[in-house]
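Below is one structure, written out as structure tokens, with a few remarks after it.
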Amino acid sequence: MRRVTFPHMGESYRTFKMLLNDLGNEVILPPRPSRKTLNLGVQHTPEFACFPLKILMGTYLETMEMGANVIVTSGGVGPCRAGLYAELHKKILHDLGYNIEMIVFEPPRLYPFNFIRNVYKLNPAKLSIKAIIECIKRAWRKLQALDNLEKATHVIRPRETLSGATTKTYKKVLEWVDEAYTTNQIVEAEKAALDELNKIPQNPERIVLKVGIVGEIYVLLEPASNLEIEETLGNLGVEVERSMFLTGWTRDNTWKETVEGMTVKEAAEPYLPELIGGHGRDSIGNTILYAKRKFDGVIQLAPFTCIPEIVARTILTSVSRDYQIPVLTFFLDEQTGKAGMATRLEAFVDLMKRKKMLLASGS
Amino acid sequence: MRAYLGVDVGSVSTNIVVQNEGGDVLASLYLRTKGRPVETIQHGLKEITQHLPDNVEICGVGTTGSGRYLAGVMIGADVIKNEITAHAVAASFFVPGVQTVFEIGGQDSKIILIRNGIVVDFAMNTVCAAGTGSFLDQQASRLGIPIAEFGSLALRSTNSVRIAGRCTVFAESDMIHKQQMGHPLQDIINGLCEALVRNYLNNVGKGKDILPPVIFQGGVAANAGIKAAFERALGMEVKVPPHHDVMGAVGAAMLAREEIQSTSKKTTFKGFIISDLNYRTGSFECNGCPNACEIAEIYEEEKVIGRWGARCPRWDIIQEEQH
């Protein structure tokens, strides 16, 4: 019996579960990465590899224990080693004696046949192409709904009057979207969820700082890998805008590059005209766009030893000076203690607040 | 006399100051934390009262440093602030117009850029503590030299010896190699000071505009060899301000004063009597989810006053009080 699993990235699993079920697969849900995940991952991966490889390895091993034998994941283009991780994971799992099948999706825009072949492999229900497209459309709508809810929490959390209210409500309404199946249900659940989030008592008078978040995709999208930085910032009274959501990334890589994607590239052009792999160029382009939109600061998140982000960080020093925007970088690895990050975030918030107050009193 | 108490609980040292309304330091203490922050705080508070005039009334308390939350709940702090803000506030007060602050403590090193009195940028060492106080301490004890004499010994060097700087493991093996070849100790120590400065400027100070006046504070600023190495590397004067070793605590006291004056609240300070209370710390592993968070807690007499380490609000004290 084939049991399919996939990497855990924020709340996106809710969509993938539905889509894979629709195509007739039994799905093993990846658990939220925890200390157990990390311990397993670190034990079975090369020490010098980056954090996403380790977390994903741990996740796969956890799902193997639960009976999974097919892994669906993404590949990657450009000079970033994450593009090879699927193959490496497969080798390690085989060495450990797991006879698994690895289905790797490359960007369909560049590899259309890979996409079609893979979909065929994941279609034991033998749905027609038309039916598959319907399923993908519905899944896409659910992914959008999930992203929209998350975006709403980023705006509401820093303004909530009862600390913790947003996180609590968010957990509840996610289930509503999770249960929705037809497109109509998804649209309705999304609306009801947004209404519920908007009912959270807020203080509109509070001075809220705006911070853009840039960096490597996995540590951006999986809160368990970034010590829940967005929630922490929200609690410090900061509205965050993340430069990357799964829907945005998928659009850029599936059909054709979106206008947003092109703008980021253009913005980064004077500083970095090349694709250096990973999301290095996006980090630079997005920082510039945030600065132009008068954000109070930018935070860059990167796995420790991530070359594209190291290059970006060095260039961000000039961007920060040229555009007068404070930039703070975090390299994430095995540390689970939040104290170091909390100290730096508190200081960063103080810095932005004092600057904002000074500007307000000067004008 | 109205006064403010500042407490900085760091990895290596715990510093306590009492400041009057005008910012004069009435008393200050630099103690080794020795891995026992609770006892050190209690002991320190008891000791500092002996240095204070009788008519002093503590009107506000601020805590900072990596042990700021622990100290905050123990003492009843009005302000609990990160050490970057605390150091910047103190630096601007003692050296008006300061533009660059170097701070090297036990485990942390930071650079703070100040322009027109406000912090515009900062950086802290991230994944490695190479070149901080703990490493110097360790080398001093390996060589059997009191840490207080380490810096002045470096100043006696006549010939510089290159020591690797990027990693303490490299640095130590380089030092041993040079020592076994027969290089004099003062040259090796001077080489180490230069390596640490190089490491600091390349890592923490990377890409930052270092403009004068530059001040150097934190425990390591007592080391004249490092100060001299900074001046040689930058080609500008590096000042070590008064009270350089307790600047974090000074900043915390000043922030407490700011808080009390701007809100006209009454202080939540529990009083110096806490030195005689019974504190107990403990830890346990939460079994609520696979994260298995390590929760640490502190008891004052029989009551829990603080808990840390959870990734969710399950163990928050506030929640407990509501029940």
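Observations on the structure shown:
- Verdict on A:PRO52 being more than 13 Å from chain B (Cβ to nearest Cβ), assigned to a helix (DSSP H, G or I), within 22 Å of the chain's Cα centre (by Cα) and not small (Gly, Ala, Ser): yes
- Residue check, A:PRO7 assigned by TED's automatic domain parsing to the domain that holds A:ARG81 and either touching a His at 6+ places or on another chain (Cβ under 6 Å) or not in a loop (DSSP other than H, G, I, E, B) (or both): no
- Of all residue pairs spaced 6 or more apart or on separate chains, those with beta-carbon atoms under 9 Å, a first member in the range A:103-120 that is under 15 Å from A:ILE136 (Cβ atoms) and a second member that is assigned to a loop (DSSP other than H, G, I, E, B) and of a type in the set (A, V, I, L, M) are A:VAL119/A:LEU23.
- Filter result for B:VAL61 (buried (at least 18 other Cβ atoms within 10 Å of the Cβ) and part of a strand (DSSP E or B)): yes
- One residue stands out in the range B:202-226 among those that are assigned to a helix (DSSP H, G or I) and more than 14 Å from every other protein chain (Cβ to nearest Cβ): the one that is nearest to the chain's Cα centre (by Cα), namely B:GLY219.
- Only residues that are buried (at least 17 other Cβ atoms within 10 Å of the Cβ) and among the β-branched types (Val, Ile, Thr) were counted in the range B:148-170, giving 3.
- Checking the stated criteria, A:ILE55 turns out not to satisfy the condition of being hydrophobic (A, V, I, L, M, F, W, C), touching a His at 6+ places or on another chain (Cβ under 8 Å) and either outside the structural domain of A:ASP178 (by TED's automatic domain parsing) or farther than 25 Å from A:PRO303 by Cα (or both).
- Matching residues in the range A:307-363 - criterion: being polar (S, T, N, Q), assigned to a helix (DSSP H, G or I) and over 13 Å from A:PHE295 (Cα atoms): A:THR314, A:THR317, A:SER318, A:THR343, A:SER361
- Scoring A:GLU47 on the criteria (1) buried (at least 21 other Cβ atoms within 10 Å of the Cβ); (2) at pLDDT below 95 leaves a single failure, condition (1).
- Looking across the range A:12-42, the residues that are more than 14 Å from chain B (Cβ to nearest Cβ) and assigned to a loop (DSSP other than H, G, I, E, B) come down to A:SER12, A:LEU23, A:GLY24, A:ASN25, A:ILE28.
- Selection status of A:ALA82, of a type outside the set (Phe, Trp, Tyr), in a helix (DSSP H, G or I) and either at pLDDT 95 or above or crowded, with 16+ Cβ neighbours inside 10 Å (or both): yes
The values are calculated or read from the model by the stated rules, or taken from the named source; none is laboratory data. As the structure is a computational prediction, the values presented were derived from the model and not from experiment. In this analysis, Cβ positions are derived from the backbone assuming ideal geometry, glycine residues included, and neighbour counts consider all displayed protein chains.
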